[in-house]
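Below is one structure; the comments refer to it alone.
The values are calculated or read from the model by the stated rules, or taken from the named source; none is laboratory data. Being a predicted model, the structure only gives us computed values, none of them experimental. So basically every Cβ, Gly included, is an ideal-geometry build from the backbone, and we count neighbours across all protein chains shown. Surface accessibility is based on the protein's heavy atoms, side chains included, excluding ligands, DNA and RNA. Shrake-Rupley method; radii C 1.70, N 1.55, O 1.52, S 1.80 Å.
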Amino acid sequence: MTDEGTNAGRARIRAAALLLLIVVPGFLRLWPVGHGAPRTEYVPDTHVVRNALHMAKDRDLVPPGGAYSTYPYLLAYTLVPVYAADFVAGKVTGEWSDGAGYGDHLRERPWRAHRLARIVFAIIASLTPLLVFLAARAAGLGAGAWVAGWLTATCLLHVQLSVQERPWGPMMAPLAASLWAAIVHVRTGRRRALVLSGVAAGVAGAMHQGGMPFLGLAGLAWALAPRDLVGPLTARIVGGVLTVAAFAAVVLLLGHPYVLVHGRPETAAAGAEFVKQGMTTIQIGNQQLQLWIRWASFPALARAFAGYDPVILALGLVGAAAAFRQRVMIPALVFVLGWGAFFMTNGGEHTRYLLPMAVLLALPAGFAVERFATSTPLRIAAGVLLLLPLVQALRLGTILRQPDTRAAAEELLAELPEGARVAIDVYGPIVEQTRAGLETTDRLRDLYAREAFRAGQLLAGTARTPGVDAFRIEDAMLFDPRHRGSEVRQLPPRLDGSARPPLPETQDAGEVLAALGATHVLLVDRTPDDGRPPLLIDPEPSLPNEFDGPGAPPVPKLGPLAVGPALWRLHPAWSDPATPDAAAARDGHLPATLAFPLVDLWRVQRPGPALSLHALSR
């Protein structure tokens with residue numbers, strides 16, 4: 001072959017790499033990044049954005065742990081310069097004149113800050129396929145490395161978590177980097193690669209507490225590297241110590257620097273409301289992790305894995321059996337087994353815990369295609385199979401770009417007559433409230449910053465909209481959806497320490513809402529066509545909590561709320577969300593994770609739950 005032909009071939013490879021490993025993952029993650037706009041509440045996690053904005057406002061990069069967020073600080077640090085640049089740009093164009101003006105703008109239009117965060121996080125997350133490809137190359141894969149990169153680029157769970165302002169999507173980039181360096185160490189015994197694996201794991205741990213176990217990849221590489229490549233035992237020990245020290249330094253300095261300035265937090269607030277007396281927990285930074293085995297979590301999460309990324313799961317399991325014979329593959333495979341054994345049987349049943357497994361299983365999936373797709377028919381079949389995750393990812397983006405059912409509900413609620421007061425169910429829309437609605441909320445808890453800002457606008461007559469006289473039922477009641485339980489909330493004291501008047505001591509939810517002046521209730525159903533009504537009107541008894549042991553009584557539950565016929569309904573499966581048709585959907589959790597998206601994604605037309613407005617029976 002001539003030099004010209006060789007150069008042309010290399011150019012084609014570079015073009016393919018650009019398309020496969022940069023353009024495709026970037027497009028899939030940035031295309032739907034505006035979902036829910038201008039509302040930010042549909043993704044109920046504002047930790048990183050809130051922390052970064054307070055750092056910028058207070059000009060303090062090391063606030064006390066838990067002051068504004070229970071997450072580590074690294075991702076907030078990535079946003080501070082972005083917000084600083086946005087402030088400067090707005091000041092130049094005259095959108096605001098000072099920091100106070102910028103703050104007021106974001107309180108009234110928080111979407112601006114969230115959009116910037118989503119873009120930054122999506123870009124970081126988009127690096128993951130390239131890093132997985134490099135890890136697969138280091139493991140000796142050829143065509144299988146391209147398959148691994150493609151599967152990561154189109155991984156549905158990774159795409160979905162990458163378009164949210166949360167840590168899990170971007171956290172997969174340092175996971176893949178840690179794996180790449182770990183594989184290099186197993187192959188070469190180079191100490192630098194081992195230390196870099198620990199550093200990358202530290203970066204993940206500085207993004208979220210869930211990234212700290214990624215140090216296990218470096219640990220497995222340390223144990224598996226051949227003795228003749230590493231050197232004597234003392235050299236191996238020194239390498240291990242340096243790796244752990246580098247990991248700890250990165251986690252501490254970039255994730256938890258408040259420990260050095262303010263000391264270690266005494267208790268972890270995050271997760272405390274889910275911890276029962278006698279439950280064993282681990283405190284990591286400002287969060288608590290339950291050490292509670294719940295076997296019922298495994299089938300639910302296994303089903304979710306099969307629904308999100310069936311190709312990665314199937315090919316990964318096929319390839320794992322053969323890949324275990326390859327020393328360089330063992331760190332990824334053993335880590336997947338350990339991670340899955342813990343998190344798929346944990347009491348906290350969260351689909352996001354599957355994401356590290358999906359990313360790491362892309363390697364044995366690529367190995368399976370390279371090893372077994374040896375004939376033309378099998379290669380064609382593999383190529384067709386690899387299109388499925390792309391189709392799923394495009395479908396997700398298409399759905400997320402549609403208006404949420406809660407956006408339609410906001411418009412309809414604004415049309416209610418004067419004198420109507422709406423009690424909004426959990427996961428319902430976050431509406432702009434009237435002064436009366438804010439006073440009702442203040443009766444139940446202290447106003448959040450945006451609510452207090454709007455109260456000031458209403459008082460000054462500068463509010464852009466009149467708002468809706470509404471309050472959120474979750475401020476008055478506690479709900480346990482897993483066990484179908486509910487009870488009246490014990491109201492917290494005011495900031496000045498004074499007590500709030502208690503809510504009625506009753507088992508009648510209607511009596512509680514009547515005491516708060518509600519005339520209507522907006523019911524929310526996130527599983528609309530499963531044959532069971534929303535929890536507030538569900539007459540069935542509650543279930544026992546598994547942690548309480550055999551023979552435990554059911555958790556408390558309020559009596560079903562008496563409501564009139566629906567005044568209007570909205571449904572995520574209907575072509576027009578307000579016009580009933582024959583379409584049905586059992587899962588209305590988007591933009592949150594779905595139970596079985598292989599089917600559920602094709603049954604909905606838009607994100608959001610089913611909603612129905614009812615007059616309260618007196």
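The figures follow:
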read-out: Residue match in region 541-562 (condition: touching a strand residue (DSSP E or B) at 6+ places or on another chain (Cβ under 7 Å), among the polar types (S, T, N, Q) and part of a loop (DSSP other than H, G, I, E, B)); value: yes
read-out: Candidate set from region 21-38 (those that are open to solvent by less than 30 Å² (accessible area, probe 1.4 Å) and either modelled with pLDDT under 90 or in a loop (DSSP other than H, G, I, E, B) (or both)); member that is nearest to L151 (Cα to Cα); value: L21
read-out: Check on I330, part of a helix (DSSP H, G or I), out of contact with any Leu (no Cβ under 8 Å at 6 or more places or on another chain) and either open to solvent by less than 30 Å² (accessible area, probe 1.4 Å) or not small (G, A, S) (or both); value: no
read-out: Condition met for A245 (open to solvent by less than 50 Å² (accessible area, probe 1.4 Å) and out of contact with any strand residue (DSSP E or B) (no Cβ under 9 Å at 6 or more places or on another chain)); value: no
read-out: G428 being in a helix (DSSP H, G or I), under 17 Å from V43 (Cα atoms) and within 27 Å of the chain's Cα centre (by Cα); value: no
read-out: Qualifying positions in region 455-497 - at pLDDT 95 or above and among the basic types (K, R); value: R472
read-out: Any hit, region 570-584, residues being of a type in the set (F, W, Y), part of a loop (DSSP other than H, G, I, E, B) and under 27 Å from P417 (Cα atoms); value: yes
read-out: Complete set of residues in region 86-122 that are open to solvent by 30 Å² or more (accessible area, probe 1.4 Å), touching a Lys or Arg at 6+ places or on another chain (Cβ under 8 Å) and either in contact (Cβ under 8 Å) with a residue 60 or more places away in the chain or of a type in the set (S, T, Y) (or both); value: S97, R107, E108, W111
read-out: Residue count for region 453-494, restricted to those that are free of Cβ contacts under 8 Å to residues at least 60 places away in the same chain and touching a Pro at 6+ places or on another chain (Cβ under 7 Å); value: 1
read-out: Selected residue (only one of Y83, Y73 is crowded, with 24+ Cβ neighbours inside 10 Å and at pLDDT 95 or above); value: Y73
read-out: Helices (runs of 4 or more DSSP H) fully within region 222-267 counting 1 or more residues that are under 35 Å from the mean Cα position of the chain (by Cα); value: 233-250, 258-262
read-out: Search result, residues across region 602-618 that are surrounded by fewer than 23 Cβ atoms within 10 Å (Cβ to Cβ) and aliphatic (A, V, I, L, M); value: A610, L613, A615, L616
read-out: Qualifying residue in region 150-158 (condition: part of a helix (DSSP H, G or I) and open to solvent by 10 Å² or more (accessible area, probe 1.4 Å)); value: yes
read-out: Single condition P226 does not satisfy, out of (1) closer than 23 Å to I284 by Cβ; (2) open to solvent by 10 Å² or more (accessible area, probe 1.4 Å); value: (1)
read-out: Count - residues of region 382-418 that are charged (D, E, K, R), touching a His at 6+ places or on another chain (Cβ under 9 Å) and either without any contact (Cβ under 8 Å) to a residue 60 or more places away in the chain or open to solvent by 40 Å² or more (accessible area, probe 1.4 Å) (or both); value: 1
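Condition check ((1) over 24 Å from the mean Cα position of the chain (by Cα); (2) over 30 Å from Q287 (Cα atoms)) across all residues:
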{"site": "W31", "(1), (2)": "no, yes"}
{"site": "H54", "(1), (2)": "no, no"}
{"site": "S69", "(1), (2)": "no, no"}
{"site": "L75", "(1), (2)": "no, no"}
{"site": "D86", "(1), (2)": "yes, yes"}
{"site": "S97", "(1), (2)": "yes, yes"}
{"site": "A100", "(1), (2)": "yes, yes"}
{"site": "R107", "(1), (2)": "no, no"}
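To keep it simple, each residue is scored yes or no on (1) closer than 17 Å to A248 by Cα; (2) open to solvent by less than 30 Å² (accessible area, probe 1.4 Å).
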site	(1), (2)
L179	no, yes
V184	no, no
G189	no, yes
G198	yes, yes
G210	yes, yes
A221	no, yes
